[in-house]
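The values are calculated or read from the model by the stated rules, or taken from the named source; none is laboratory data. Bear in mind that the values here come from a model prediction, so they are computed numbers and not experimental data. Positions of Cβ are backbone-derived with ideal geometry, glycine not excepted, and every protein chain shown enters the neighbour counts. The area values use the complete protein model at the heavy-atom level, side chains included, leaving out ligands, DNA and RNA. Shrake-Rupley method; radii C 1.70, N 1.55, O 1.52, S 1.80 Å.
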Amino acid sequence: MPDEFPDYLDVDYTDGEGENPEDYPSLEDKIEKAIDVTRRGLEQYENPVVMWTGGKDSTLTLYFIKEVAERHDLDVPPAVFIDHYQHFQEIHDFVDRWADEWDLDVIYARNEDVGGYVDEHDLEPGDDIPVSELSEHNQHHVRDLLEYEEDTFPFLLDTYVGNHLLKTVALNDALEEYDVDGVISGVRWDEQEARADETFFSPRHDPDIYPPHDRIQPILQFDEAAVWDAFWHFVVPDTVEDYPDEGYVPQGYDDLPNGLSQQDTPVSPKYFEGFRSLGSEVSTEKSDEDPAWLQDMENTTERAGRAQDKEDLMERLRDLGYM
């Protein structure tokens, strides 16, 4: 392995060190930085991908990629969608709809060993899976990396073993298969404590843990409110025909302008329903009855609807390659 990874890269791994969203006070400041990081990412890496969950952060990141690629005659990289077998059906429908609308190449990353066992035995979320029934590859992750000693683990996404096998292993296997050198992701400093020290270009070079690659993170400087401001004043007006050029913040499903419907917007229907964070249909609940962007973001927690056992393990999971 060369001293520099890879030797054709010239990126500053300290860019963003010690910063927080307040260092980018206006929406324009945040957007300018996002465009700069996105352009450097698209120009520097030979085989980048963009992580796309169908959620607001990754879709905003994808918007910046599309805008920068068009402006500078660069290629839009493939999008990686981790299919962890416990998505809301609306998320699958949303990704299919906008992948077609935006002419995206989507890589569906799945842990097919676990998924195959689930299908073969008609398991439901929460049912136990014997570790001994897993492939040697997955058993290595469970026993050697996670140091998990139980004979079984529950088929649940938001647990230590479940999250690692269904998301991280699936992702790392895809990165290796497609020889990816840069992963563009939509993580933010304010979203979770384990992400607060991230930089705009973040190395993941330990070959014993994951296929060596870099993380390119253009929207670290956004907070939740700024993400929604960017959506309703830039993303939607720029991508939806007949949406007001100056932007418009809808109050719900029936408040979109010019006869448009929710399906016309690149905004997941789950956000209209009151979800602020999209995890799994098993362990994620809506935060309120109001749409996500109308909720009290200053006095409530964005990820309160997510299973907290997984949230508490975030730092350990990120050490193994979780986003």
Applying the selection to the stretch 36-62, what residues are open to solvent by less than 50 Å² (accessible area, probe 1.4 Å) and in a loop (DSSP other than H, G, I, E, B)? Y45, W52, G54, G55
Does P244 meet the test of being over 30 Å from F5 (Cβ atoms) and touching a Gly at 6+ places or on another chain (Cβ under 7 Å)? no
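Of all the residues that make up the stretch 238-280, how many are part of a loop (DSSP other than H, G, I, E, B), among the polar types (S, T, N, Q) and touching a residue at least 60 places away in the same chain (Cβ under 8 Å)? First the steps, then the outcome.
The initial filter retains those residues of the stretch 238-280 that are part of a loop (DSSP other than H, G, I, E, B), namely 240-252, 256, 260-261, 265-268, 274-280.
In the following step, the residues that additionally are among the polar types (S, T, N, Q) were identified as 251, 261, 265, 268, 277, 280.
Pick out the ones that are also touching a residue at least 60 places away in the same chain (Cβ under 8 Å) and you get 268, 277, 280.
Count: 3.
Do you know which residues across the stretch 122-131 are without any contact (Cβ under 8 Å) to a residue 40 or more places away in the chain and either open to solvent by 30 Å² or more (accessible area, probe 1.4 Å) or among the hydroxyl-bearing types (S, T, Y) (or both)?
D122, L123, E124, D127, D128, P130
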Any residue that is in contact with a helix residue (DSSP H, G or I) (Cβ under 7 Å, 6 or more places away or on another chain), closer than 30 Å to V235 by Cα, in contact (Cβ under 8 Å) with a residue 12 or more places away in the chain and open to solvent by less than 80 Å² (accessible area, probe 1.4 Å) - is there at least one of those in the stretch 109-121? yes
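Search the stretch 172-191 for residues being of a type outside the set (V, I, T) and touching an Asp or Glu at 6+ places or on another chain (Cβ under 7 Å), and hand back the single one that is surrounded by the fewest Cβ atoms within 10 Å (Cβ to Cβ). Explain how you work it out, then say what you get.
Quick first cut of the stretch 172-191, residues of a type outside the set (V, I, T) only: 172-179, 181-182, 185-186, 188-191.
Subsequent filtering for residues that are touching an Asp or Glu at 6+ places or on another chain (Cβ under 7 Å) retains 181-182, 186, 188-191.
Values: D181: 20, G182: 24, G186: 26, R188: 23, W189: 22, D190: 18, E191: 21.
Looking at residues that are of a type outside the set (V, I, T) and touching an Asp or Glu at 6+ places or on another chain (Cβ under 7 Å), I get D190.
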Please go through the stretch 39-88 and give me each residue that is under 17 Å from the mean Cα position of the chain (by Cα) and among the basic types (K, R), ordered by number. K56, K66
Considering every residue within the stretch 66-89, establish whether at least one is part of a helix (DSSP H, G or I), farther than 14 Å from T53 by Cα and touching a residue at least 60 places away in the same chain (Cβ under 8 Å). yes
Let me confirm something: among E32, E28, E67, which residue is open to solvent by 20 Å² or more (accessible area, probe 1.4 Å), acidic (D, E) and either modelled with pLDDT under 95 or in contact with a helix residue (DSSP H, G or I) (Cβ under 9 Å, 6 or more places away or on another chain) (or both)? E67
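What residue, among those in the stretch 90-108 that are among the acidic types (D, E) and in a loop (DSSP other than H, G, I, E, B), is surrounded by the fewest Cβ atoms within 10 Å (Cβ to Cβ)?
First, the residues of the stretch 90-108 that are among the acidic types (D, E): 90, 93, 96, 100-101, 103, 105.
From the residues that got through so far, the ones that are in a loop (DSSP other than H, G, I, E, B) too are 103, 105.
Numbers: D103: 8, D105: 11.
Checked the stretch 90-108; the qualifying residue surrounded by the fewest Cβ atoms within 10 Å (Cβ to Cβ) is D103.
Being open to solvent by 30 Å² or more (accessible area, probe 1.4 Å), modelled with pLDDT of 95 or more and not acidic (D, E): is that true of Q217 here?
Details: open to solvent by 30 Å² or more (accessible area, probe 1.4 Å): no; modelled with pLDDT of 95 or more: yes; not acidic (D, E): yes.
It is false that Q217 is open to solvent by 30 Å² or more (accessible area, probe 1.4 Å), modelled with pLDDT of 95 or more and not acidic (D, E).
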